[in-house]
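Report on the structure given below.
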Amino acid sequence: MLKLTSVHTSYDHIKALKGIDIEVDKGEIACLIGSNGAGKTTTLLTISGILKPDSGEITFEGEPLKNISPHNIVNKGICQVPEGRRVFPRLTVLENIEMGAFGAKGKNFHRNLEKIFLLFPILKERKNQMGGTLSGGEQQMLAIGRALMANPKLLLLDEPSLGLAPIMVSKIFKTIKEINEEGVTILLVEQNAKAALRLSHCGYVLENGTIKLHGSGEELLHNEDVKKAYLGE
Amino acid sequence: MLLQQLINGLTLGGVYAIIAIGYTMVYGILELINFAHGEIYMLGAYLAIIFLGLFTAMGLTATSLPLALILTAILTIIFCSAYGFTMEKVAYKPLRNAPRLSPLISAIGVSIFLQNYVMLTQGATDKVFPQRFGEAGFQFMNVNVTYLQAMIILVSGLLMFFLHLFIHKTRMGKAMRATAQDKTMAALVGINVDSIISVTFIIGAGLAAVAGIMVASYYGLVNYFIGYIAGIKAFTAAVLGGIGNIPGAMLGGIILGLVESTGAAYISSEYKDAYAFIILIVILLIKPSGILGKTTEEKV
């Protein structure tokens, strides 16, 4: 479904991605793990078109994404919940959700809205509150809900568990599984490697801008190098 | 006496407010002080004179003055919006990722260019608005209000009201607010940031056009330099209210108009233009974020 071939991305003169290959199949959960500065967020921003790759190719459903602007990539069905959630702080919860549906132009609006309120009842309670007044966990739910409004085929999630209380982390992971079971393909970036690998069908280990390892979630969980470097065993 | 000055101040303040909105909207989205915004207002005044002169020559003004005025307003708004749109595409868009000083210098360049363009094509002498509205008016609580003043206050009030509705109730307006808060995230939810920026310039220029028409008809005289001083005053109004904040620009404009007219009446009219600068200095010293300025709240 999504295929990155030898993608290089840099910030001015600093090379952040040095030729990475990733393939995500339809219907699966893929995860990208790695330490700080490995290039995980850069990878997602490159897929979404916010950063332009220096070389390499990204295709989605067989179609190259080169020279397609970020809002049109969203319209093709790739949505991102970026690092730090980035809820619009001075828009109400409901307006934030409406903005998620901006590209979809009202298609399935009410059905999606109901689905999101069912998934995250707290958002319905707070729908007239400003986005910036929500707690971290609520903002994460809002950010995920907002992305779901666009009817995504592929959802990119950047560190959804970062800075959340443990109970919230397990709720978010449970939700990711539910979203995937509804047919949305997921590419998950996580520091919480153990939880992410358990959830994923396949995983990639990113180190210094290159893919170090890849395999099924199960394989990586039991890989000695991964255990040492990322699972703290 | 005081009430009379309040009416004069509201008239002036309404005009400042709708120019200031253009400044503040552009700042809200691009963090750019568009110093050429005042020139759009000046172009509006000139275009109004040209179009109304044309309709007068065609005899339309004699048969139906309201129709001639409405057509003049519509054409002026369309032309000014086109100027605003083009200005952004030519002078600011290529500098979107440049250091912040570059678009600012570009703005000053556009401002100088437009002033000289109008001076060359229209001459350096004052132009006269083809229609005099005179002192006809009505009495309101023992104060003379001319029809023109009432019209200016009404039109600026209505424009601000509709702009507020647009920003808060429409899909496009909400997308504008979203873009102002976080451009990258706006793109990630599927908002075309470039077209939002264009719409912002078009609306700002349209409002400045209306201000230009109103001032040209109020004072009856314009020259190619009026955009400069009006631009700085509207900028002051925007800073006073809190730059980037639309209700702030409205409030700032009205306060500035009231201060100017009461200051001119009670202190000295010689210093009419100085009050704006005094306010600008004081607000920058005491509360640089402005009256309604947003306190930056960040959640990590």
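Would you kindly give the portion of the calculated P(r) for region B:13-118 that falls above 18 Å, as a percent of all Cα pairs?
In whole percent, the long-distance tail amounts to 54.
Residues A:PHE60, B:PHE55, B:PHE277 in ascending order of nearby Cβ atoms (within 10 Å, fewest first): B:PHE277, A:PHE60, B:PHE55. Taking a straight Cα-Cα cut-off under 25 Å and skipping sequence neighbours fewer than 8 places away in the same chain, the lysines within cross-link reach of A:LYS18 are A:LYS3, A:LYS40, A:LYS52, A:LYS66, A:LYS212, A:LYS227, A:LYS228.
Residue by residue along A:71-77, Cβ atoms of other protein chains within 10 Å of the local Cβ number 4 on average.
Averaging the Cα positions of each part gives two centres, and for region B:163-181 and region A:31-59 these lie 31 Å apart.
Relative to its Kirkwood radius, the Cα radius of gyration of region B:2-286 gives an Rg/Rh of 0.97.
The lysine pair tally for region B:2-286, using Cα distances under 25 Å and a gap of 8 or more places or different chains, is 9. Under the convention that each Lys and Arg Cβ holds +1 and each Asp and Glu Cβ holds -1, the size of the dipole of chain B around its Cα centre is about 620 debye. Whole-Hz Karplus values for region A:78-83 come out as 9, 10, 10, 9, x, 4 Hz, taken residue by residue from phi with 6.51 cos²θ - 1.76 cosθ + 1.60 and θ = phi - 60°; glycine and proline positions read x. Rounded to the nearest Hz, the phi-derived 3J(HN,Hα) couplings of region A:212-228 under the Karplus curve 6.51 cos²θ - 1.76 cosθ + 1.60 (θ = phi - 60°) are 7, 8, 8, x, 6, x, 4, 4, 5, 4, 9, 6, 4, 4, 4, 4, 5, where x marks glycine and proline.
Could you tell me the distance between the Cα centroids of region A:84-152 and region A:192-233, to the nearest Å? Region A:84-152 and region A:192-233 have Cα centres spaced 31 Å from each other.
Classify the protein assembly as shown as rounded, prolate or oblate from the Cα gyration tensor: take a ≥ b ≥ c as the square roots of its eigenvalues, call it rounded if a/c is under 1.5, otherwise prolate when a/b beats b/c and oblate if not.
prolate
Close amide H partners of B:GLY242, meaning residues 5 or more places away or on another chain with modelled amide H under 5 Å apart, are B:ILE291, B:LEU292.
Per residue of the protein assembly as shown, the DSSP helices (runs of n ≥ 4 H) give a summed -39500 (n - 2.57) that works out to -18500 deg cm²/dmol at 222 nm.
Once the Cα atoms are used to define both axes, helix B:171-181 deviates from the longest principal axis of chain B by about 60 degrees.
A simple spin-label model places pseudo-atoms 7 Å from Cα toward Cβ; at B:ARG171 and B:MET1 they are separated by 5.7 nm. So what is the diffusion coefficient of region A:143-233 in µm² per second by Stokes-Einstein at 37 °C and 0.692 mPa s, using a Kirkwood Rh over Cα pairs? Rounded to a whole number, D works out at 235 µm²/s. Among the residues of A:86-92, the average count of other protein chain beta-carbon atoms within 10 Å of the residue beta-carbon is 6. Other residues whose C-beta falls under 9 angstrom from the C-beta of B:ALA264 contribute a net charge of -1, scoring Lys and Arg +1 and Asp and Glu -1. The Cα-based radius of gyration of region B:104-160, divided by its Kirkwood radius, gives an Rg/Rh of 1.21. In chain A, the C-alpha radius of gyration followed by the widest Cα-Cα span (Dmax) gives 17.1, 49 angstrom.
Please order A:THR133, A:THR42, B:THR61, B:THR76 by the number of other Cβ within 10 Å, starting at the fewest.
Lowest to highest Cβ neighbour count: A:THR133, B:THR61, A:THR42, B:THR76.
By other beta-carbon atoms within 10 Å, ranking A:VAL81, B:VAL128 with the fewest at the front produces B:VAL128, A:VAL81. If you run the Gaussian network model on chain A, springs between alpha carbon atoms under 10 Å, then out of A:ILE172, A:ILE33, A:ILE122 the most flexible one is A:ILE122. Rounded to the nearest 20 debye, the dipole magnitude of region B:117-249 is 280 debye, with +1 charges on Lys and Arg beta carbons, -1 on Asp and Glu beta carbons, and the Cα centre as origin.
Computed from the C-beta positions of B:TYR228 and A:THR210, the FRET efficiency with R₀ = 56 Å rounds to 0.50.
In summary, region A:79-171 shows an alpha-carbon radius of gyration equal to 0.98 times the 2.2 N^0.38 Å reference for compact globular proteins.
Each value in this text was obtained by applying a stated rule to the coordinates, not by laboratory testing. Just so it is clear, the model here is predicted, and its values are computed rather than measured. Here the Cβ is made from the backbone with ideal geometry for all residues, glycine too, and neighbour counts use every protein chain on show.
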